[in-house]
1. Which net charge results for the neighbourhood of A:Arg140, defined as the other residues with beta-carbon distances under 13 angstrom from its beta-carbon, given Lys and Arg at +1 and Asp and Glu at -1?
2. Which distance in nm do the two modelled labels at A:Lys193 and B:Asn60 give, with both placed 7 Å along the Cα-to-Cβ direction?
3. What distance in nm separates the two pseudo spin-label positions at B:His162 and A:Asp90, each 7 Å out from Cα along the beta-carbon direction?
4. Quick one: buried accessible area between A and B, total over both chains, 1.4 angstrom probe, nearest 100 Å²?
5. For chain A, modelled as a GNM with alpha-carbon contacts under 10 angstrom, which of A:Gly161, A:Gly121, A:Gly82 fluctuates the most?
6. List the residue ranges in chain A for DSSP H helices whose C-alpha atoms run 18 angstrom or more along the long axis and whose Kyte-Doolittle average is 0.5 or above.
7. Before anything else, pin down the relative contact order of chain B: Cα pairs under 8 Å, at least 6 apart, normalised by residue count, whole percent.
8. Output needed for region A:18-62: three equivalent-ellipsoid semi-axes, defined as square roots of 5 times the C-alpha gyration tensor eigenvalues, in descending order, whole Å.
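The values are calculated or read from the model by the stated rules, or taken from the named source; none is laboratory data. Not measured: the values here are computed from a predicted model. All Cβ positions, even for glycine, are placed from backbone atoms using ideal geometry, and neighbour counts span all protein chains on display. These accessible areas exclude ligands, DNA and RNA; they are computed on the full protein's heavy atoms, side chains included. Shrake-Rupley method; radii C 1.70, N 1.55, O 1.52, S 1.80 Å.
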There are 2 protein chains.
Amino acid sequence: MAARDTGAQTAAHTPMPPKRPARALLLQAAARLFYAQGVAATGIDTITTEAGVAKKSLYNNFASKAELVAAYLEARHAEWLGLYSRRLEDARNPRERVLAVFDAYTDHANAAYLNGFRGCGLLNAAAELPAGAPGRLAVRKHKEEVEGLLARHVAEVLPAGHGRAAGLARHLAFLLEGAMARAGLEGNDACLKECRTIAARLLADV
Amino acid sequence: MAARDTGAQTAAHTPMPPKRPARALLLQAAARLFYAQGVAATGIDTITTEAGVAKKSLYNNFASKAELVAAYLEARHAEWLGLYSRRLEDARNPRERVLAVFDAYTDHANAAYLNGFRGCGLLNAAAELPAGAPGRLAVRKHKEEVEGLLARHVAEVLPAGHGRAAGLARHLAFLLEGAMARAGLEGNDACLKECRTIAARLLADV
DNA sequence: TTTTGTAGGTAGACTGACCTACCTACTATC
DNA sequence: GATAGTAGGTAGGTCAGTCTACCTACAAAA
């Protein structure tokens, strides 16, 4: 029985490739595939094949597909924060720090690793989740954090005690979210650039 | 062979229910299920069971699931136009006609047949479709038509030759789209009402 | 320095559930 | 009699997830 000879022809001619960081490869493949095709439409086998990783490795690193999806959402949020902080460094005044949020979304739209822009990956994933799913809450948290960043920098633009900072931040948040959605449908960042201009004018009018 | 007795116990005790408009029942069930669970997550059998209709009837009326999805998208667009035209009738001036677009989305969010608001059904469906899919184009067309309606009524609000009608319409379109997305994540129409207020102020400031 | 244990890789067969799509056989309505 | 409905089976594929069997890199113990 031990010698059922199934596969694994006793090495010697197949020297076995070296160990690799399977988790990172899986997250990378998942990022590409989930974004491009959607979560439900992307099977486990497709991901492991694309990652060049054994199926067992997936289940060594993640308890289930749902957990991989959760890690994917987490990674998208972290990725955006990275893009944003880079844009924030370049900003030289409060107004530019507000607009850095918009620039970070444009950078996201132009990220090289995704072939074909299809809108916000987090929102797209949320669209596939049923009403009460924890993933939807994670996406909501992300959007609220973005709005919080907007609000913080809007408050620096407005004269102290102006009282409309939160309202303006919300206005900008809706504007950005909508432009992102439309940009995703059109497959390019034109809407995002347009909405950045609108946002700049709103800030100038204050 | 003709008498293999498989199922269909020769009627007499099962008098067969009367003929019903299967197509409409299917579209109704698809509307509920596709919206609540997503397109890919909803199987053919679930739809036919929910509709109380035979599987054959589905394939009598639609060549494939993809065609049912296309009809679903079409129906959502038509439904929104209906909601909008009702709101349009109540509007008494150009400004109210612009805001009627916002009200139509609020009505959509509060539509009784969907248990649990989850955002724009068209946008959610688009999120499941790969980049080049015809369904995505249909959704984009819908959004452009909505923006066109906005633009038409914005032009009536602005003084002739103002030149910023298209720009304002686009601003409002992004605002509305973003509020809808956020509202979907939060499961209620609060964001939509908020964005209607923002829109009203924008129109007042012109 | 050598041995050995362990954690985390490899390939891919397999299970049971579910998917789309088509099918048979029968019936109600126009 | 043609059309469109009924119930439900079936084919062929794909899904997530488990499993066996083997391999490699590293570190701690001998």
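1. Working: positive: A:Arg136, A:Lys141, A:Lys143, B:Arg118, B:Arg182; negative: A:Glu144, A:Glu145, A:Glu147, A:Glu177, B:Glu186.
Counting the neighbours of A:Arg140, the net charge comes to 0.
2. Result for the modelled spin labels: 5.4 nm.
3. About 3.4 nm, to one decimal.
4. Details: alone 11850 and 11850 Å², together 20360 Å².
Counting protein atoms only, the buried area is about 3300 Å².
5. A:Gly161
6. Correct list, ordered by number: A:22-37, A:165-186.
7. Dividing the mean separation by the residue count of chain B yields 20 percent.
8. Details: eigenvalues 64, 20, 13 Å².
They are 18, 10, 8 Å, listed largest first.
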